[in-house]
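Following: one structure in structure tokens, then a few remarks.
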Amino acid sequence: MTEHSCQFSKEPCTRKVPIFTSLSDEDLAKVSAMIKHKKYSKGQALILEEQPSDTLYIIKQGQVKLLKVTPQGKEQILHILSTGDFFGELNIFNSDEVSNFSAYALKNTDICLLTKADMEQLIEENPDISLKLLKTITKRLAHTENLAQSLATKDPEIRIAYMILELGYKYGKPGNEQIHVRLPLSREEMANYVGVTRETISRKFSKFEQLGIIEINGTRELTICDMSKLTAYVE
């Protein structure tokens with residue numbers, strides 16, 4: 001893992017993050033000078049649950065999974081984040097708290113870091129950043145509530161359909177009435193995400209393929225062929 005100033009990167013982290021879009025070029029340059037840059041290898045932990053943190057993590061390039069470990073010792077994935085996303089914002093507002101999740105790189109990932117002190121200065125000088133942070137937190141809360149509702153159902157097909165739909169919206173590339181998805185998760189990670197076994201994932205994927213809803217293009221790619229049928233599963 002290496003660290004250096006983000007201002008030496010080809011493109012400043014700040015231009016990738018929605019919360020900074022209202023800043024002028026001059027202010028963006030000031031923020032870029034504050035930021036530190038770290039590289040994480042695939043599978044490496046960025047932060048662990050119960051670990052104190054006073055840092056905002058910005059994904060400059062790559063993918064990160066946020067997760068908790070259940071009392072049974074199983075991994076429960078909460079969020080899949082990619083370029084332009086950020087996390088650790090709650091610790092910025094309450095330095096007495098420890099992280100309530102762990103974060104791991106899903107692939108080689110570049111991260112930009114802003115300390116609590118720097119964020120407090122930015123928010124004081126640019127109050128609208130607080131509102132944008134709140135909007136992001138609200139969206140994540142809604143996602144967590146939807147995930148909890150999905151996990152509460154006893155029907156694994158509904159949970160798996162919800163996951164495919166979510167990954168399609170976030171990582172899919174629309175084609176001719178189809179959506180091609182490069183999956184950020186392995187079969188095992190997808191199983192952990194929706195609380196089923198890896199075998200169940202494979203079995204339900206095969207069923208959805210037989211129904212013409214999806215087409216499997218390898219272990220990390222699929223095509224959503226019929227969005228209306230997929231949506232019907234989760235409604």
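The values are calculated or read from the model by the stated rules, or taken from the named source; none is laboratory data. What you see is a predicted model, and the numbers here were worked out from it, not measured in a lab. Methodologically, a virtual Cβ is constructed for each residue, glycine included, from the backbone with ideal geometry; neighbour enumeration extends over all protein chains shown. These accessible areas exclude ligands, DNA and RNA; they are computed on the full protein's heavy atoms, side chains included. Shrake-Rupley method; radii C 1.70, N 1.55, O 1.52, S 1.80 Å.
Structure data summary
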item	result
Residues located in segment 193-232, provided they are small (Gly, Ala, Ser) and surrounded by 12 or more Cβ atoms within 10 Å (Cβ to Cβ)	Gly195, Ser202, Ser206
Scan of segment 22-43 for residues that are over 16 Å from Asp110 (Cα atoms), of a type in the set (Ser, Thr, Tyr) and loosely packed, with under 12 Cβ neighbours inside 10 Å, ordered by number	Ser24
From Ala142, Ala191, Ala161, residue being among the hydrophobic types (A, V, I, L, M, F, W, C), at pLDDT below 75 and not assigned by the TED database to the domain that holds Val64	Ala142
Test: residue in segment 23-35 that is assigned to a loop (DSSP other than H, G, I, E, B) and within 25 Å of Lys170 (Cα to Cα)	no
Those residues of segment 129-142 which are out of contact with any helix residue (DSSP H, G or I) (no Cβ under 8 Å at 6 or more places or on another chain) and open to solvent by less than 60 Å² (accessible area, probe 1.4 Å), in sequence order	Arg140, Ala142
Enumerated strands (runs of 3 or more DSSP E) restricted to segment 167-235, each holding at least 1 residues that are small (Gly, Ala, Ser)	172-174
In segment 52-103, the residues that are in contact (Cβ under 8 Å) with a residue 40 or more places away in the chain and among the aromatic types (Phe, Trp, Tyr)	Tyr57, Phe86, Phe101
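Conditions (1) in a strand (DSSP E or B); (2) at pLDDT below 85; (3) assigned by the TED database to the domain that holds Leu185; (4) open to solvent by 50 Å² or more (accessible area, probe 1.4 Å), marked per residue:
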residue: Leu56; (1), (2), (3), (4): yes, no, no, no
residue: Lys60; (1), (2), (3), (4): yes, no, no, no
residue: Leu67; (1), (2), (3), (4): yes, no, no, no
residue: Gly73; (1), (2), (3), (4): no, yes, no, yes
residue: Gln76; (1), (2), (3), (4): yes, no, no, no
residue: His79; (1), (2), (3), (4): yes, no, no, no
residue: Asn91; (1), (2), (3), (4): no, yes, no, no
residue: Asp96; (1), (2), (3), (4): no, yes, no, yes
